[in-house]
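Student: Below you'll find the structure I mean.
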Amino acid sequence: MPDLRLTRDLDATLDEMWDFITTPAGLVQWWGPEGLSVPEHALDFSRERPWFSVMSGSEGQRYKVSGQVTHVRPQTSVGFTWAWHDEADRRGPESHVTLGLEPLGPGRVRLVLDHVGLPDDEAAQRHTEGWTSSLKKLERRFAPA
């Protein structure tokens, strides 16, 4: 099964980035590819629990994904399962995402996103594109002043 890893070095403190990747207020600011909004969600990665989000596009497209938060290591990493839903709201194949943080010095942090267990190379490519687009939102938010 294909896996992907994306890293971003950002101008943020560890506390700022932790809040941004685990709290509902932070997650909705960068969750989902550019051009999509998140009108429905239970995005809270601060403790082990089920989660879901519905992303929607300007032309009415809806994309639902859900899972379970599998671990929370404060200021270090959070992991969660991931599965898209079809039009009948049935969950598809499950994979796993980990968001890890590494301090780089005062006011700098590295975000490492690992998405493992994707069903095939095509899914890995689509997820790489989606995560890259989402991470652009983070990069804009934490761009150097």
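The values are calculated or read from the model by the stated rules, or taken from the named source; none is laboratory data. Just so it is clear, the model here is predicted, and its values are computed rather than measured. Backbone-built Cβ (ideal geometry, glycine too); neighbour counts: all protein chains shown. Surface accessibility is based on the protein's heavy atoms, side chains included, excluding ligands, DNA and RNA. Shrake-Rupley method; radii C 1.70, N 1.55, O 1.52, S 1.80 Å.
Student: Run down GLN29, GLN68, GLN61 and say which single residue is under 19 Å from LYS136 (Cβ atoms) and of a type in the set (S, T, N, Q). If you could, list the steps in order and put the result at the bottom.
Tutor: On the way: GLN68 fails: under 19 Å from LYS136 (Cβ atoms); GLN61 fails: under 19 Å from LYS136 (Cβ atoms).
The match here is GLN29.
Student: Let me ask something else. Looking at segment 119-129, which of the residues that are open to solvent by 20 Å² or more (accessible area, probe 1.4 Å) and out of contact with any strand residue (DSSP E or B) (no Cβ under 7 Å at 6 or more places or on another chain) is nearest to GLY26 (Cα to Cα)?
Tutor: The selected residue is GLU129.
Student: Could I ask something else about it? Quick one: in segment 81-105, which of the residues that are touching a residue at least 24 places away in the same chain (Cβ under 8 Å) and closer than 18 Å to ALA143 by Cα is nearest to the chain's Cα centre (by Cα)?
Tutor: By that ranking, first place goes to LEU101.
Student: Being without any contact (Cβ under 8 Å) to a residue 60 or more places away in the chain, among the aliphatic types (A, V, I, L, M) and open to solvent by 30 Å² or more (accessible area, probe 1.4 Å) narrows it down to one residue among VAL72, VAL54, VAL78, VAL116; which is it? Even if it seems obvious, please write down each step before you answer.
Tutor: Values: VAL54 fails: open to solvent by 30 Å² or more (accessible area, probe 1.4 Å); VAL78 fails: open to solvent by 30 Å² or more (accessible area, probe 1.4 Å); VAL116 fails: without any contact (Cβ under 8 Å) to a residue 60 or more places away in the chain.
When all the criteria are applied, what remains is VAL72.
For (1) out of contact with any helix residue (DSSP H, G or I) (no Cβ under 7 Å at 6 or more places or on another chain); (2) not in a helix (DSSP H, G or I), each residue gets a yes or a no:
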{"residue": "GLN29", "(1), (2)": "no, no"}
{"residue": "GLU34", "(1), (2)": "no, yes"}
{"residue": "MET55", "(1), (2)": "yes, yes"}
{"residue": "ALA83", "(1), (2)": "yes, yes"}
